[in-house]
1. Please list, ordered by residue number, the strands (runs of 3 or more DSSP E) wholly in the stretch 4-72 having 1 or more residues that are more than 16 Å from the chain's Cα centre (by Cα) and modelled with pLDDT of 75 or more.
2. Please state which one of MET110, MET122 is modelled with pLDDT of 80 or more, open to solvent by 40 Å² or more (accessible area, probe 1.4 Å) and of a type in the set (A, V, I, L, M).
3. If I ask for residues that are in a loop (DSSP other than H, G, I, E, B) and more than 21 Å from the chain's Cα centre (by Cα), which ones from the stretch 122-143 would you list?
Amino acid sequence: MYARLKQVMEQVGNSFELVLVDDGSSDRTYKLLEEIAAVDSRVLVVKLRRNFGQTSALAAGSIMRRAIYFRHGRDLQHDPNEIPNFIEKLEEGYDVVSGWRKERIDNFVMRRIPSRCANWLMAKLSGVDIHDFGTTFKAYRVR
C-alpha cells in the first residue's frame, strides 16, 4: 500500500505527507511502518495502544491540519491511482470527494447486501446521491 500511495503522490507532483495508523496490530505492522518512516520523512506513523476500530483509526490519522487529507483503507479495495481525480475535484472547489469500493472483497450476503440497502436508504433520506456511504476512500478540504 505504501509503495502504491507514494508512487501516485509523487506523480501528482505536490508535496505530501502520509499518515499511517497502526490500529493495535499484533503482527509486525508497526515495525514495518517505523522502518518506512525512518527512510521517508514524509511518513508519520501513529500507533494506537490497542485495536479501537476503523473509526478511531481514521480519526487518529486526521489529527493534523492539512489543506487536503485522504482516508484510505489498507486493503487496497480503493485504487490509489484515483487520488489525482480526487485532487482535481477539490481544486475545482469541492469540499468533500467520495469514492466507492468498486471491487469489494467482503462477504456478499453478510456485508454487501446490507450495505446496498443502507446506501439506498441513506441516499433517499439525505437527498445526496452517493454510491457508497460506508467507504473510507474520501478526500477533504480543511479550511
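1. 43-48
2. So the residue among MET110, MET122 that is modelled with pLDDT of 80 or more, open to solvent by 40 Å² or more (accessible area, probe 1.4 Å) and of a type in the set (A, V, I, L, M) is MET122.
3. GLY127
The values are calculated or read from the model by the stated rules, or taken from the named source; none is laboratory data. Given the structure is predicted, the values throughout are model-derived calculations rather than measurements. Ligands, DNA and RNA are stripped out before the accessible areas are found, and what is left, the full protein with its side chains, is counted by its heavy atoms. Shrake-Rupley method; radii C 1.70, N 1.55, O 1.52, S 1.80 Å.
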